[in-house]
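Enquirer: Sharing a structure with you now.
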Amino acid sequence: MKKRLVALCFFLSTGVGAQDMPQIELSLGFHRIEAEVAARDPERQTGLMHRQSLPAQRGMLFVFPQDNTYCMWMRNTLIPLSVAFLDGEGRIINIADMAPHSEENHCARRPARYALEMNRGWFAQRGIVAGSKVRGLERAPQGR
């Protein structure tokens, strides 16, 4: 908890915001995604908190420094999201739907290198399932 609070204070004091995060274009089959990239601890710890909405084709890519069974939660997140955990090759390991303001952990079923958050139901509405491959990850900065 203390680490998260320190990171949030750092995030707010440095003025790091959505407009400061790098953005890359990803694709899943025929579907284009405009992804903000959270590759550093302050960005990853804040994620999509406090956002009022997220455009349909927009998401957030979390880049981790090494493979691990990472978990996501929704504290201070106002919009319902779905998260896809990805391996180092960009293959979806599993997808979880997450409710706003929840502190329930949603975890990768095996070690992941990335997590991609989209509006809740985005993956299901497009028939995207575990095993699907996200393209464009080579343009993402390294996780730090």
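For every residue, the table says whether it meets (1) part of a helix (DSSP H, G or I); (2) without any contact (Cβ under 8 Å) to a residue 24 or more places away in the chain; (3) of a type in the set (Phe, Trp, Tyr); (4) touching a Ser or Thr at 6+ places or on another chain (Cβ under 6 Å).
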residue	(1), (2), (3), (4)
Pro42	yes, no, no, no
Gln52	no, no, no, no
Pro55	no, yes, no, no
Met60	no, no, no, no
Phe64	no, no, yes, no
Ala84	no, no, no, no
Ala96	no, no, no, no
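Enquirer: Can you tell me which residue in the stretch 32-52 is modelled with the lowest pLDDT, limited to those that are of a type in the set (Lys, Arg) and touching a strand residue (DSSP E or B) at 6+ places or on another chain (Cβ under 8 Å)?
Expert: Selected residue: Arg44.
Enquirer: Scan (1) touching a residue at least 60 places away in the same chain (Cβ under 8 Å); (2) within 25 Å of Asp20 (Cβ to Cβ) for the single condition Leu78 breaks and write down its number.
Expert: It is condition (1) that Leu78 fails.
Enquirer: Just to verify a result, which residue in the stretch 75-103, among those that are over 18 Å from Arg44 (Cβ atoms) and among the charged types (D, E, K, R), is nearest to the chain's Cα centre (by Cα)?
Expert: Filtering the stretch 75-103 for residues that are over 18 Å from Arg44 (Cβ atoms) and among the charged types (D, E, K, R), the one nearest to the chain's Cα centre (by Cα) comes out as Asp97.
Enquirer: Is it true that Arg109 is of a type in the set (D, E, K, R), in contact with a Pro (Cβ under 7 Å, 6 or more places away or on another chain) and modelled with pLDDT of 95 or more?
Expert: No: the conditions fail for Arg109.
Enquirer: Would you call Gly47 within 11 Å of the chain's Cα centre (by Cα) and on the phi > 0 side of the Ramachandran plot?
Expert: Yes, satisfied.
Enquirer: Here is a further query. If you go through the stretch 98-136, how many residues are surrounded by 15 or more Cβ atoms within 10 Å (Cβ to Cβ), part of a loop (DSSP other than H, G, I, E, B) and in contact (Cβ under 8 Å) with a residue 60 or more places away in the chain?
Expert: Counting residues in the stretch 98-136 that are surrounded by 15 or more Cβ atoms within 10 Å (Cβ to Cβ), part of a loop (DSSP other than H, G, I, E, B) and in contact (Cβ under 8 Å) with a residue 60 or more places away in the chain gives 3.
The values are calculated or read from the model by the stated rules, or taken from the named source; none is laboratory data. The structure displayed is predicted, hence computed values, not measured ones. Note that we place each Cβ from the backbone using ideal geometry, even for glycine, and neighbour counts take in every protein chain shown.
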